[in-house]
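Just so you know, all these numbers are worked out from the coordinates, no wet-lab data involved. Given the structure is predicted, the values throughout are model-derived calculations rather than measurements. Neighbour counts are summed over all protein chains in view; Cβ atoms, including those assigned to glycine, are modelled from backbone coordinates with ideal geometry.
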């Protein structure tokens, strides 16, 4: 081997050794920092909260289908006709006295935004009021006296809601005057329609019920099917232009015919 080549290889070996030594020294310095007293070792570790930040929580909640962004959304959901609503009866709203509902002649509820459970509770108290003449809601007034005087109630296109239907249904459970009830083209959803179906289970007087063009669907359809087995007075039922599924409509037709001695007339879906 020539002297020049030998000198070159020796220089390369020294350079390689120096780089290796420098790397080892750097690693030693890092270990000294981690294991020594120069820094707070806890500061080198992430906080537990950082391991599961808010964004990850929100993503998980959304994936599970239970995410609510804030308190306002949670409150709105609680007061809505949620899928889990099962006819729960709540307490009276703050400031509303029982005596007002059971003894007042003209009852004013316009200052109260009733939840569905509260509406059911209010309806039960109003049903015990033999002096009740009118009921003022936020957007309109219900002529309660008509339930005791008229056999036909034309309450078409009055913008009545679930709360109104719940109250009307409760007042009609033991009513022996009203034979025709028209609530077409209102804003009655599943909760209100279910209350009306429950009313049909005990009312033996109503012959005509028009619920066309409201906002209810499957839950109400099933409630009506259940009521048909206990009601024989109803000869006309209009549920057109709602959202009752087609398969459930077939079941409702079959139940109607069976309970009406195979008569298909009178049912409109």
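Brief remarks follow.
- Here each label is just a point 7 Å from Cα along the line to Cβ, and for residue 176 and residue 152 those points are 2.3 nm apart.
- Convex hull volume per residue, computed on the Cα atoms of the stretch 112-269, equals 95 Å³.
- Length gained on full extension, residue 94 to residue 232, computed as 0.36 nm times the residue gap minus the Cα-Cα distance: 45.6 nm.
- Gained length - residue 258 relative to residue 240, 0.36 nm times residue gap less alpha-carbon distance: 4.4 nm
- Packing, as the average of other Cβ atoms within 10 Å across residues, places the peptides 151-159, 114-122 in the order 114-122, 151-159, highest first.
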